[in-house]
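Here's the structure, in structure tokens; my notes come after.
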Amino acid sequence: MRECPIADLLDKRLAFVTGKGGVGKTTVAYALGLAAAAAGKRAIVCEIAAQERGSRIFGRSPIGFHETRVSQGLWAISIDPERTIREYLEVQMPMRSMAAILARSNLFGYLTAATPGLQEMVSMGKVWELTLNERKSPDAERTYDIVIVDAPATGHGIAFLQTPHEFRDLARVGPLAHQAGRIERTLADPTATGVAIVARGEEMAVNEAIALERSLAGPDAGTRFEIDRFYVNCLYPDRLSGPERKLIERVVKRSANESARAAEPALRAALEEATRAAAQREQLERLREQVAGPVAELPFLFAPGLGPEQLSRLAGVLT
């Protein structure tokens, strides 16, 4: 495994984790959070669009729209756009009761639904608010050294990251447009914001990772992002060399005697694992050839479930 340190990514104030759906974005986001906490930082992982996976990973009650401590030095929050809009109104209006009345009104609900990108904008605004040294949230209890965002998958992830740029152009004036401009400057600052793309050693996932880098870092991007790290997740161990695989294939084909037949299931399992590992390595090398950012490898965890112990193992690999 090639060494690929992540100190530069975790030294940033804001880190987005994106990639194709099903590749383990949430797992990597929380592993990064544990790695940051182990380095002595206060970290928070944000799940977008009211997703709720962290509570299952850490075996606790639902986190919801609350900054909830899930481990030493690590918090989590599930960002609900409706709750975020209400919080935004509480910040902007002189009385919280007025904000509550407005948020419950049917007219405001219609206006919210009819405004393109508003829910994504307020969600990004909440992410940005968590990075501030002087929090604007009326219920804020702490500040964080790093905010790690479990961003939406590929296409939606691109749209989410470009939301401040698009919304600023759309709104032009007003407090939200002003905030969008401030957020866009933060996102465009590579010393403040980092992006990690997660893939698996599979053709489609690698294709999407390559396309994602081109969309976010290319000249046509509204806000350009340099990709700090690619993580190829769930890699099988490469235990056998090519000649060893061929030897096992010959043994399996010729398993005529009793002792060979008894060993055949184990040999077939080893051969299947080695074949899959070799295919994953081919895709891993293809990714390295096609992208500009560094590529790190994360192992497949042979465990019945994902919990704090498995995340700690991944955090150790990350560092």
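Since every read-out is calculated from the coordinates, none of them should be taken as a lab result. Please read these numbers as outputs of a predicted model, since none were measured by experiment. FYI the Cβ positions are ideal-geometry reconstructions off the backbone, even for glycines, and counts take in every protein chain you see.
Fully extending the segment from GLU203 to LEU247 would add 13.1 nm, taking 0.36 nm per residue of separation and subtracting the current Cα-Cα distance.
Using 0.36 nm per residue and subtracting the Cα-Cα separation, the extra length available between PHE302 and GLN72 on full extension is 80.3 nm. The modelled label-to-label distance for the pair ALA177/THR143, using points 7 Å beyond Cα in the direction of Cβ, is 3.0 nm. For GLY19, nonlocal amide neighbours, meaning residues 5 or more places apart or on other chains whose placed amide H falls under 5 Å from its own, are THR154, VAL198. Looking at the range 157-231, the trypsin sites (Lys or Arg not before Pro) that sit in a DSSP loop and have at most 15 other Cβ atoms within 10 Å of their own Cβ are ARG172, ARG224.
At an R0 of 45 angstrom, the distance between the Cβ atoms of LEU267 and GLN290 translates into a FRET efficiency of 0.80. Stretching the chain fully between ASP8 and ARG224 yields a gain of 75.9 nm (0.36 nm per residue, less the alpha carbon separation). Put simply, the amide H of GLY64, placed in the peptide plane, has neighbours under 5 Å in SER78, leaving out anything fewer than 5 places away on its chain.
Our coupling estimate for the range 189-200, obtained by passing each phi through the Karplus curve with A = 6.51, B = -1.76, C = 1.60 and θ = phi - 60°, is 8, x, 7, 9, 10, x, 10, 10, 10, 9, 9, 10 Hz, Gly and Pro reported as x.
Each part reduced to its alpha carbon centroid, the range 287-310 and the range 121-198 end up 26 Å apart. In order along the range 126-137, the Karplus-derived 3J(HN,Hα) couplings, from 6.51 cos²θ - 1.76 cosθ + 1.60 at θ = phi - 60°, round to 5, 4, 4, 4, 5, 7, 6, 6, 10, 5, 9, 4 Hz, and Gly and Pro are given as x.
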